[in-house]
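Student: Please see the structure below; I have some questions.
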Amino acid sequence: MVLVTSNKRQRLLYMNYLQRVTPAELVAAREELVQALSELPANFRLLADLSQLEFMDPDSTPEVGRTMDLISQHGVGLIVRVIPDTSKDIGLNILTIFHYPNQPRIITCGNLPDALKQLAVWQ
């Protein structure tokens, strides 16, 4: 499951990846993502929370790339990722090279409280 929400005042897009994520779930979340992005100004911040991710289907890679492309096109300035278990990093660093040509600042944290602290610094 993928949950998407935004906070315009905080210039924040929040994506939470829960349990087992499939390509179909990423496609289904795209409409919410497009809506959330339309409400955010350029140089917004992304919090990508993978702390509750159990498994992402390897066939999800193209959809993850499309998601990154959308986020990049809308002008993300900072990406904070929560990845407590590095074995669950789904190749984000490699995908980032191809899908974030504007090279936003990227910070990876091991837990959500640390990620929230990073976001507070970058307001």
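Student: Can you name the condition, by its number, that residue 91 falls short on among (1) crowded, with 16+ Cβ neighbours inside 10 Å; (2) modelled with pLDDT under 95; (3) under 18 Å from residue 105 (Cα atoms)?
Tutor: (1)
Student: Additional query: One residue is enough: does region 19-35 have a residue meeting the conditions hydroxyl-bearing (Ser, Thr, Tyr), buried (at least 16 other Cβ atoms within 10 Å of the Cβ) and touching a Lys or Arg at 6+ places or on another chain (Cβ under 9 Å)?
Tutor: Within region 19-35, none of the residues are hydroxyl-bearing (Ser, Thr, Tyr), buried (at least 16 other Cβ atoms within 10 Å of the Cβ) and touching a Lys or Arg at 6+ places or on another chain (Cβ under 9 Å).
Student: A further question follows. Does residue 47 satisfy the condition of being touching a residue at least 40 places away in the same chain (Cβ under 8 Å), touching a strand residue (DSSP E or B) at 6+ places or on another chain (Cβ under 8 Å) and over 19 Å from residue 112 (Cβ atoms)?
Tutor: Judged against the criteria, residue 47 is not a match.
Student: Anything in region 13-41 that is assigned to a strand (DSSP E or B) and not hydroxyl-bearing (Ser, Thr, Tyr)? List them, or say none.
Tutor: 13, 15, 16, 18, 19, 20, 21
Student: Considering only residues that are part of a helix (DSSP H, G or I) and touching a helix residue (DSSP H, G or I) at 6+ places or on another chain (Cβ under 6 Å), look in region 42-63 and name the one that is farthest from residue 103 (Cα to Cα).
Tutor: 59
Student: List the pairs whose first member sits in region 13-31 and is under 11 Å from residue 67 (Cα atoms), whose second member is assigned to a strand (DSSP E or B) and charged (D, E, K, R), and whose Cβ atoms are under 8 Å apart, counting only residues at least 6 apart or on separate chains?
Tutor: 15/49
Student: Anything in region 59-85 that is more than 16 Å from residue 30 (Cα to Cα) and touching a residue at least 24 places away in the same chain (Cβ under 8 Å)? List them, or say none.
Tutor: 59, 75, 76, 77, 78, 79, 80, 81, 82, 83, 84
The values are calculated or read from the model by the stated rules, or taken from the named source; none is laboratory data. These figures come from a predicted structure and were not determined experimentally. Note that each Cβ is placed from the backbone with ideal geometry, even for glycine, and that neighbours are counted across all protein chains shown.
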